[in-house]
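Comments concern the structure below.
The values are calculated or read from the model by the stated rules, or taken from the named source; none is laboratory data. On a predicted model such as this, the values are computed, not experimentally measured, just so you know. Every residue, glycine among them, receives a Cβ derived from its backbone with ideal geometry; neighbour counts consider all protein chains shown. Surface accessibility is based on the protein's heavy atoms, side chains included, excluding ligands, DNA and RNA. Shrake-Rupley method; radii C 1.70, N 1.55, O 1.52, S 1.80 Å.
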Amino acid sequence: MRGTERRARLLAALELGEIDVDDLARRFGVSASTVRRDLQHLSDTKAVRRTYGGAILAGGPPETTLDQRLAIDGPEKQAIARAALALIADGETLILDAGSTVTAFGRLLVDRRLRIITNNLALLPCLARAPDIDLIVLGGGLRATSMSTVGPLAVEAMRRLTANRLVTSADGVVAGRGLCEASLDQVALKSAMMAQAEDTIVLATAGKLGRAEQMAWAPLPRRWTLVTDARAARDQRQALAEAGAQVVVAEA
């Protein structure tokens with residue numbers, strides 16, 4: 001397990017409460033000194049506060065960076081991305097939101113014939129070289145943790161465009177509430193994207209289902225599509241289906 005993935009998983013474990021170094025070392029199959037170095041790194045970035053023998057979160061649930069999220073559940077995200085490809089037809093106009101699973105999906109589109117509207121700056125290097133992609137980039141303020149644009153400029157530009165489908169993701173997906181994110185800027189843009197697209201496709205790994213740890217929410221349309229992985233619990237899939245989702249389960 002690479003350091004970026006291990007530290008992201010350490011943060012997830014710490015969200016459940018204080019955990020000591022020896023417990024973390026056993027959980028991740030590494031030495032106690034490795035865990036101490038990881039915790040010191042997280043402490044230096046103000047994500048956690050060291051305690052005697054362990055650590056606790058410094059405040060509310062910290063938001064991981066795009067690189068950290070790309071390191072987690074890689075095979076599941078790739079399976080979700082491949083399953084979502086079957087929902088897209090050549091010639092369509094897509095809105096691609098930010099996020100690691102959407103980034104994995106977007107990288108699979110380089111041989112397709114599409115118009116793509118996006119705020120996802122991580123996708124620009126590959127999509128800009130794709131010969132049959134007509135690319136429109138939403139301007140706005142930079143959100144470095146997700147390598148995306150947000151804010152009033154991005155929302156205003158989005159309101160002047162329409163699309164066949166939005167492909168989005170979130171920190172959490174909760175039946176009856178919608179998409180959970182860390183900031184109002186994120187959910188304001190997601191809401192504008194959903195309003196301007198005929199269909200909404202949400203890409204979310206099983207761990208995102210029912211997760212409600214962030215403060216900001218974007219309600220989902222009455223009918224939408226969820227693409228998740230095979231680990232998703234039956235009761236979570238049922239609750240989301242009852243909330244309007246057509247659920248697609250991606251097999252690894």
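Summary of computed values
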| read-out | value |
| --- | --- |
| Count of region 148-197 residues which are of a type in the set (D, E, K, R) and under 25 Å from K77 (Cβ atoms) | 6 |
| Unmet requirement for R82, which otherwise passes all of (1) in contact with an Asp or Glu (Cβ under 9 Å, 6 or more places away or on another chain); (2) surrounded by fewer than 20 Cβ atoms within 10 Å (Cβ to Cβ) | (1) |
| Test: residue in region 79-96 that is among the hydroxyl-bearing types (S, T, Y) and under 18 Å from the mean Cα position of the chain (by Cα) | no |
| Selection status of S183, open to solvent by less than 20 Å² (accessible area, probe 1.4 Å) and at pLDDT below 95 | no |
| Any hit, region 154-162, residues being under 14 Å from the mean Cα position of the chain (by Cα) and modelled with pLDDT of 95 or more | no |
| Condition check for K208: at pLDDT 95 or above and either on the phi < 0 side of the Ramachandran plot or crowded, with 19+ Cβ neighbours inside 10 Å (or both) | no |
| Pairs where the first residue, in region 76-93, is in contact (Cβ under 8 Å) with a residue 60 or more places away in the chain and the second is small (G, A, S) and open to solvent by 50 Å² or more (accessible area, probe 1.4 Å), C-beta under 7 Å, 6+ apart | E76/A252; A79/A252 |
| Residue count, region 100-136 (criterion: under 17 Å from A154 (Cβ atoms), open to solvent by 10 Å² or more (accessible area, probe 1.4 Å) and touching a helix residue (DSSP H, G or I) at 6+ places or on another chain (Cβ under 8 Å)) | 2 |
| Residue check, R231 open to solvent by 20 Å² or more (accessible area, probe 1.4 Å), farther than 23 Å from Q78 by Cα and charged (D, E, K, R) | no |
| Listing of strands (runs of 3 or more DSSP E) fully contained in region 146-252 that carry 3 or more residues being over 23 Å from T118 (Cα atoms) | 245-250 |
| Conditions (1) open to solvent by 30 Å² or more (accessible area, probe 1.4 Å); (2) closer than 28 Å to V247 by Cα; (3) in contact (Cβ under 8 Å) with a residue 40 or more places away in the chain; number of the one not met by A197 | (1) |
